[in-house]
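> Before I ask anything, let me first share the structure, which is written out below as structure tokens.
The values are calculated or read from the model by the stated rules, or taken from the named source; none is laboratory data. Source: prediction; values computed, not measured. Heads up, the Cβs are rebuilt from the backbone with ideal geometry, glycines too, and the neighbour counts pull from every protein chain shown.
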Amino acid sequence: MDFPLTLIIGGAGFIGSSFARLIQNPVIYDALTYAGRKENLTDLRHELIVGDVASPILHEVIKSKRPEIVINFAAETHVDRSINRPENFISTNVYGVLNVLEASRKYDFKYIHISTDEVYGEECADEESPLKPSSPYAASKAAGDLFVKSYVRTYGINAVIIRPSNNYGPRQYPEKFIPKAIIRTLLDMEVPVYGSGNQERDWIYVEDTARMIAELALTGKGGDVYNLPGENRTTNLKILDEISSILGRKIKIKFVKDRPGHDRKYCMTTKLKFNKTPLSEGLKKTVEWYIRNRWWWEPLISDEFFIKDEPWT
Ligand SMILES: NC(=O)c1ccc[n+]([C@@H]2O[C@H](COP(=O)([O-])OP(=O)(O)OC[C@H]3O[C@@H](n4cnc5c(N)ncnc54)[C@H](O)[C@@H]3O)[C@@H](O)[C@H]2O)c1
């Protein structure tokens, strides 16, 4: 895709690397934490600059590259980890955002801020709804969003906030529900299900998110918020049913204690109209990708957030 010069912060992660695939020779700035992996970029011509979103190095990079657009995917993203160590989420999700915002006061670029449906909590929400985060992760994301809004109002910066719902697809780190269920079943392990398994999530295929972020980077109005719901709302147990029928294998479910503060559901409406991949089609592509790409996930299965059944403990 022809795109103005864009700096992709957090482009070595799950959604960022899917977005990076849409543009030619992307420039990626990423700290390469456990979730950011060069393996996510192997089939892609790109420039990778290793750095922290909260570091002054980011300003140097923006000064020398002069991007027209800066998209910030960088975040600590796993709710269970935020329950164990909330303080780790402040540096990237709050100070990191503040650092990008400070850069936007000095240099002229459009800032695309990637947020999440979790900032709304479990109430059904449109773009104007109040933020009611439940987990430390969601609270840190909501703090970032509020700083973006304050910089738009106070300093007049050009920023757009995008709030996708739960993403799934290739290259998602195995700590998350769908890849964990697929990989554990491929390894003949039990799949832990928190509480009753009846929590509802609204699933969006990662390539749909990436395409919409690209569109909004070009057309989104400064100061606006855009929700990206997948409009595929279903329970965790039904997701396991679908994965089981795609794999042609029974999933060995193990019910475990519910995650503290667990939101029962997420549910957003949007002012945008866009096509979404049907859940069954997206899940089929996702399962096939994990079957074909064992090299990608095999080094990750010693991670305690993959192995432990109640990893927040
Ligand atoms: N995955 C989802 O379901 C989902 C849903 C809604 C919103 N989001 C948001 O989308 C964004 C991307 O999510 P993801 O699932 O791709 O995350 P991810 O955990 O797969 O990747 C995060 C990326 O950010 C990088 N990073 C982390 N800390 C950094 C730091 N201090 N400096 C620079 N880079 C750093 C990591 O190395 C990694 O490449 C996040 O802002 C997340 O909150 C994700």
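> In the list SER135, SER140, SER91, SER104, which residue meets the criterion of being modelled with pLDDT of 95 or more, within 11 Å of the ligand (Cβ to nearest atom) and either among the acidic types (Asp, Glu) or buried (at least 20 other Cβ atoms within 10 Å of the Cβ) (or both)?
It is SER140.
> Determine whether ILE157 is farther than 22 Å from PRO26 by Cβ and not assigned by TED's automatic domain parsing to the domain that holds LEU300.
yes
> Give me the residue from the stretch 239-270 that is part of a helix (DSSP H, G or I) and not hydrophobic (A, V, I, L, M, F, W, C) and, out of that set, farthest from PRO86 (Cα to Cα).
SER245
> Go through the residues of the stretch 142-162 one by one and say whether even a single one is under 15 Å from the mean Cα position of the chain (by Cα) and not in a helix (DSSP H, G or I).
yes
> Considering the stretch 168-190 alone, what residues qualify as being touching a strand residue (DSSP E or B) at 6+ places or on another chain (Cβ under 6 Å) and surrounded by fewer than 23 Cβ atoms within 10 Å (Cβ to Cβ)?
ARG184, GLU190
> When you go through (1) closer than 21 Å to PRO260 by Cα; (2) assigned to a helix (DSSP H, G or I); (3) hydroxyl-bearing (Ser, Thr, Tyr) one by one for SER134, which number turns out not to apply?
(2)
> Next question. For LEU7, are the conditions met, namely being in a helix (DSSP H, G or I), surrounded by 21 or more Cβ atoms within 10 Å (Cβ to Cβ) and among the hydrophobic types (A, V, I, L, M, F, W, C)?
No; evaluated as a whole, the condition is false for this residue.
> Give the residue, chosen from ILE62, ILE8, that is under 19 Å from TYR107 (Cα atoms), within 13 Å of the ligand (Cβ to nearest atom) and in contact (Cβ under 8 Å) with a residue 12 or more places away in the chain.
None of the others qualify; the one that does is ILE8.
> Same structure, new question: Among (1) under 19 Å from the mean Cα position of the chain (by Cα); (2) of a type outside the set (D, E, K, R); (3) assigned to a helix (DSSP H, G or I), where does VAL70 come up short?
(3)
> I would also like to ask the following. Of GLU118, GLU123, GLU127, which residue is under 17 Å from the mean Cα position of the chain (by Cα) and charged (D, E, K, R)?
On the way: GLU123 fails: under 17 Å from the mean Cα position of the chain (by Cα); GLU127 fails: under 17 Å from the mean Cα position of the chain (by Cα).
On inspection, the qualifying residue turns out to be GLU118.
> Okay, next question. Do you know which of the residues in the stretch 11-36 that are more than 9 Å from the ligand (Cβ to nearest atom) and touching a His at 6+ places or on another chain (Cβ under 8 Å) is nearest to LYS176 (Cα to Cα)?
Of everything passing the filter in the stretch 11-36, ALA20 is nearest to LYS176 (Cα to Cα).
> Would you confirm whether or not the stretch 298-313 contains a residue that is surrounded by 13 or more Cβ atoms within 10 Å (Cβ to Cβ), farther than 26 Å from SER196 by Cβ and in contact with a Gly (Cβ under 8 Å, 6 or more places away or on another chain)?
Scanning the stretch 298-313, I find no residue that is surrounded by 13 or more Cβ atoms within 10 Å (Cβ to Cβ), farther than 26 Å from SER196 by Cβ and in contact with a Gly (Cβ under 8 Å, 6 or more places away or on another chain), so the answer is no.
> Just name the residue that is nearest to SER104 (Cα to Cα) out of those in the stretch 140-157 that are in contact (Cβ under 8 Å) with a residue 12 or more places away in the chain and among the small types (Gly, Ala, Ser).
By that ranking, first place goes to GLY144.
> Name the residue that is nearest to ARG66 (Cα to Cα), counting only residues in the stretch 76-88 that are among the β-branched types (Val, Ile, Thr) and within 12 Å of the ligand (Cβ to nearest atom).
By that ranking, first place goes to THR77.
> Sticking with this structure for a sec: From the list VAL50, VAL70, which one is exposed (fewer than 15 other Cβ atoms within 10 Å of the Cβ) and either more than 13 Å from the ligand (Cβ to nearest atom) or hydrophobic (A, V, I, L, M, F, W, C) (or both)?
It is VAL50.
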